[in-house]
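One structure is given here, and the rest of the page talks about it.
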């Protein structure tokens, strides 16, 4: 999980204790401190929001006015305390809103890169000599199938993409092994997919299809676009 995705996740829920967040925070002291500060701010907001104006305040103010200057001074102190509490709440909420980035949909291409780094070695090192029939048996649960052979398939297994059950494949590509993710659309979990995303090692190419998103990841970009298009033509969905 990169720094941007971590911050978005913690802004949305400072107390998020998912395994992904825990691993990211464990590996980065700055992320740990950031989450700790957001949790403290969240606690302050909750405490400040509990301040309640006492019932019958107006009647007590009138009564205190009649009882003399001393009592009015005490009442004025209480009013300032309440006003200060409301101001603290307003300032804290304003700070949180101003510092929070605009909500953005999860990028599945970015998630694919992270997934390869986290679990890629096991998958890329496997050679289970998976058949097309075995892949189609897994795709059937998504209402999909590969209509034609796609070359040697080293690995095929289900994985989680933003809590959506997806298919993780490793295939022979034009310049070596290619990791392929097929992620079904989820109505309650909107997402986007970048056509091309890369870092200093991996390239991800993604496309939104009829009922799923297709993302291919490789260390080399040469021929990767053609490989994606070829795979896209073979991937069919039930009507």
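The values are calculated or read from the model by the stated rules, or taken from the named source; none is laboratory data. These numbers come from a predicted model, not from an experiment. FYI the Cβ positions are ideal-geometry reconstructions off the backbone, even for glycines, and counts take in every protein chain you see.
Here are the numbers for the structure shown:
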quantity	calculated
Leading residue by the ranking (surrounded by the fewest Cβ atoms within 10 Å (Cβ to Cβ)) among those in the range 12-37 that are touching a helix residue (DSSP H, G or I) at 6+ places or on another chain (Cβ under 7 Å) and assigned to a helix (DSSP H, G or I)	32
Matching residues, the range 187-207, being under 24 Å from residue 238 (Cα atoms) and surrounded by fewer than 15 Cβ atoms within 10 Å (Cβ to Cβ)	187, 188, 189, 190, 192
Total residues in the range 159-204, condition out of contact with any helix residue (DSSP H, G or I) (no Cβ under 7 Å at 6 or more places or on another chain), in contact (Cβ under 8 Å) with a residue 12 or more places away in the chain, under 21 Å from residue 5 (Cα atoms) and part of a loop (DSSP other than H, G, I, E, B)	7
Among the candidates 116, 135, residue that is under 26 Å from residue 20 (Cα atoms) and either outside any helix (DSSP H, G or I) or modelled with pLDDT of 65 or more (or both)	116
In the range 115-158, the residues that are buried (at least 16 other Cβ atoms within 10 Å of the Cβ) and in contact (Cβ under 8 Å) with a residue 40 or more places away in the chain	115, 116, 120, 123, 124, 139, 142, 144, 145, 146, 150
